[in-house]
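Participant: The structure's right below; bear with me while I get my questions together.
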Amino acid sequence: MSDYSFFDAVQMSFDKAAKYTKWDPGVLEQIKQCNAVYRMHFPVKIGDKIEVIKAYRVQHSHHKLPCKGGIRYATSVNLDEVMALAALMTFKCAIVNVPFGGAKGGISIDPRKYSAYDLEKITRRYTSELIKKNFIGPGLDVPAPDYGSGEREMAWIVDTYTSMRPGEIDGLGCVTGKPVTQGGVRGRKEATGLGVFYGLREILNMEDLTAKVGLTTGVEGKRVVVQGLGNVGYHSAKFFQDAGAIVVGLAEYEGSIWSDQGLDVDAVVAHRKATGSILNFPGANNFAVNTEALEMDCDVLIPAALENVINAENAPRIKAKIIGEAANGPLTPEADEILTKNGRLVVPDMYLNAGGVTVSYFEWLKNLSHVRYGRMEKRFTENQNTQILGQIENLTGKKADNKVRETIMHGPDEVDIVRSGLEETMITATREIVEAWKNNPEVPDMRTAAYLVAINKVATSYAELGIFP
Ligand code: GLU
């Protein structure tokens, strides 16, 4: 085990990049520290016993408000981890130009050990604690799902918040990742996985980067391994498969499976649901140790579960050419150095998994504007497209076939607008980081380049606020 914590690791990556900037050391120190930390204990009656629940909310940066970041439900949650994840949120938001400061929450429980009824009590009580201290609100701090939480928990949060703050016109914007029926936005659920796909697709389209790791350009035919079949892992795997990549390996905590011909992601999920395990999937080989699949020969490895899965011990055995960090912090700093030295390309978490918070931003905007995306322009666009198509048909004397007609005429629905906003965001962020890397040839890796971009943006906005001369 390394003798530094997760938050230390984030600080180390920060310092590594800060060296390449000219910002005053005081400015850098202010960006590094967590601005506000709230640790709470509250009682919840579970069955006939009173349980004391330990939970946190950390606001890493107030340089832009509201603060933003998910709430993790896991026994492993501790203050250091929440601080590290909150810091990553600040840098993540800066890179994708989402105007929020970073935050993160955590409830130290194993959600699988509680009934839905008890989870609801815990979530509502946690929300009340946040309200009491002004740690939640559309202009203050806006939570979202993270490992162990999802739409259902966000629905409880928004209901608790709006009941306790009646008449607050923008109340729905107090949390994102809500069900669509409760103020959510279409396209949020798959957003992180889709963002991972858009980001890696852009990298795979860059000839110089792919050539450096010995790959051809393009997604099609690439052999992909995904670790973690939760919301992020499942969607990342699915979008790669749909784009013509071959998902050769999948890993979960009960074990991992492999097939050179490719695994059908939905079929594996159905198999897991039916049998309780991904193991023994028809036509695939089993690995007894779940991390074994990570060390197999493949083109792209996507760790999409928790932190520290690739460390000094197993990094030397990783054969993947590109490692795309869909999880937060899946590589330790040692693993990072080893992989870079071995000529692998590590695409860093805090930008690659920013799809979730990007679409959260769209959801928050929807809540503040009180209108569904596409509502105002869909019909107008369709009418105009009908006119244009009619003119072309008249002039050419030919009729478009039905499928083409449908595509051309289609006015944007909410999900189309959300996905196009996400695609644009991920492509722009990828190019910006790669450009910063090229412009600073002494910067050793893409993570440092991403931090460099983030530090410059956060420092600039502090300067704009007039906080620093
Ligand atoms: N928990 C997600 C993350 O780590 C999403 C955060 C959000 O949407 O605010 O980026």
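The values are calculated or read from the model by the stated rules, or taken from the named source; none is laboratory data. None of the values given here were measured: they were computed from a predicted structure. Quick reminder, even Gly has a Cβ in these numbers, built from the backbone with ideal geometry, and neighbours come from all protein chains shown.
Participant: Cβ contacts < 9 Å: first residue part of a helix (DSSP H, G or I), restricted to segment 271-289; second residue aromatic (Phe, Trp, Tyr), any location; separation 6+ or different chain. Result?
Facilitator: His271/Phe281; Arg272/Phe281; Thr275/Phe281
Participant: Pick from Lys54, Lys22: which is loosely packed, with under 14 Cβ neighbours inside 10 Å and either of a type in the set (D, E, K, R) or at pLDDT below 95 (or both)? Talk me through it step by step, then tell me what you get.
Facilitator: Values: Lys54 fails: loosely packed, with under 14 Cβ neighbours inside 10 Å.
The match here is Lys22.
Participant: Within segment 168-175, identify whether any single residue is within 13 Å of the ligand (Cβ to nearest atom), out of contact with any strand residue (DSSP E or B) (no Cβ under 8 Å at 6 or more places or on another chain) and part of a loop (DSSP other than H, G, I, E, B), and answer yes or no.
Facilitator: no
Participant: Looking for whichever is in contact with a Leu (Cβ under 6 Å, 6 or more places away or on another chain), over 18 Å from Phe42 (Cα atoms), within 14 Å of the ligand (Cβ to nearest atom) and charged (D, E, K, R) here; the options are Lys68, Lys92, Lys104, Lys64. Which one fits? Show your work before the answer.
Facilitator: Working: Lys68 fails: in contact with a Leu (Cβ under 6 Å, 6 or more places away or on another chain); Lys92 fails: in contact with a Leu (Cβ under 6 Å, 6 or more places away or on another chain); Lys64 fails: in contact with a Leu (Cβ under 6 Å, 6 or more places away or on another chain).
Checking each option against the conditions leaves just Lys104.
Participant: Could I ask something else about it? Hey, does segment 361-373 have a residue that's hydrophobic (A, V, I, L, M, F, W, C), surrounded by fewer than 16 Cβ atoms within 10 Å (Cβ to Cβ) and within 16 Å of the ligand (Cβ to nearest atom)? If you could, list the steps in order and put the result at the bottom.
Facilitator: Within segment 361-373, the subset hydrophobic (A, V, I, L, M, F, W, C) is 362, 364-365, 368, 371.
Filter again for surrounded by fewer than 16 Cβ atoms within 10 Å (Cβ to Cβ), leaving 365, 368, 371.
Those left that are additionally within 16 Å of the ligand (Cβ to nearest atom): 365, 368.
Among the residues of segment 361-373, at least one is hydrophobic (A, V, I, L, M, F, W, C), surrounded by fewer than 16 Cβ atoms within 10 Å (Cβ to Cβ) and within 16 Å of the ligand (Cβ to nearest atom), which makes the answer yes.
Participant: Hey, another quick one. Quick one: how many residues across segment 143-163 are among the hydroxyl-bearing types (Ser, Thr, Tyr) and touching a Ser or Thr at 6+ places or on another chain (Cβ under 7 Å)? Full working, then the answer.
Facilitator: Keep residues of segment 143-163 that are among the hydroxyl-bearing types (Ser, Thr, Tyr), which gives 147, 149, 160-163.
Remaining after also requiring touching a Ser or Thr at 6+ places or on another chain (Cβ under 7 Å): 160-161.
Going through segment 143-163 one residue at a time, the tally reaches 2.
Participant: Which one is surrounded by the fewest Cβ atoms within 10 Å (Cβ to Cβ) among residues in segment 341-360 that are assigned to a loop (DSSP other than H, G, I, E, B) and within 10 Å of the ligand (Cβ to nearest atom)?
Facilitator: The first filter runs over segment 341-360 and keeps only residues assigned to a loop (DSSP other than H, G, I, E, B), leaving 342-344, 348, 353-354.
From what is left, the residues that are within 10 Å of the ligand (Cβ to nearest atom) are 353-354.
Details: Asn353: 27, Ala354: 31.
My answer is Asn353.
Participant: So in segment 145-162, with the set limited to residues that are within 14 Å of the ligand (Cβ to nearest atom) and of a type in the set (Gly, Ala, Ser), which one is surrounded by the most Cβ atoms within 10 Å (Cβ to Cβ)?
Facilitator: Per the stated criteria, the residue is Ser149.
Participant: Let me ask something else. Sort out for me the strands (runs of 3 or more DSSP E) sitting completely within segment 1-74 that have 1 or more residues that are touching a residue at least 24 places away in the same chain (Cβ under 8 Å) and farther than 20 Å from Glu153 by Cβ. Step through it out loud before you land on a result.
Facilitator: Values: elements: 36-46, 49-59, 67-73.
By residue number, 36-46.
Participant: Before we move on, is Ser61 over 20 Å from Asn456 (Cα atoms), of a type in the set (S, T, N, Q) and under 20 Å from the mean Cα position of the chain (by Cα)? Before the answer, list the steps.
Facilitator: Values: over 20 Å from Asn456 (Cα atoms): no; of a type in the set (S, T, N, Q): yes; under 20 Å from the mean Cα position of the chain (by Cα): yes.
So Ser61 fails the test.
Participant: I would also like to ask the following. Restricting to segment 220-234, name every residue that is of a type outside the set (A, V, I, L, M, F, W, C), farther than 20 Å from Asn205 by Cβ and not in a loop (DSSP other than H, G, I, E, B). Show your work before the answer.
Facilitator: Let us first name the residues in segment 220-234 that are of a type outside the set (A, V, I, L, M, F, W, C), namely 220-223, 227-228, 230-231, 233-234.
With the extra rule that they be farther than 20 Å from Asn205 by Cβ, the set shrinks to 227-228, 230-231, 233-234.
Listed by number, the residues that qualify are Gln227, Asn231, Gly233, Tyr234.
Participant: Something else about it: Working only within segment 109-144, note down all residues that are more than 16 Å from the ligand (Cβ to nearest atom), surrounded by 18 or more Cβ atoms within 10 Å (Cβ to Cβ) and in a loop (DSSP other than H, G, I, E, B).
Facilitator: Answer for segment 109-144, where residues must be more than 16 Å from the ligand (Cβ to nearest atom), surrounded by 18 or more Cβ atoms within 10 Å (Cβ to Cβ) and in a loop (DSSP other than H, G, I, E, B): just Ile109.
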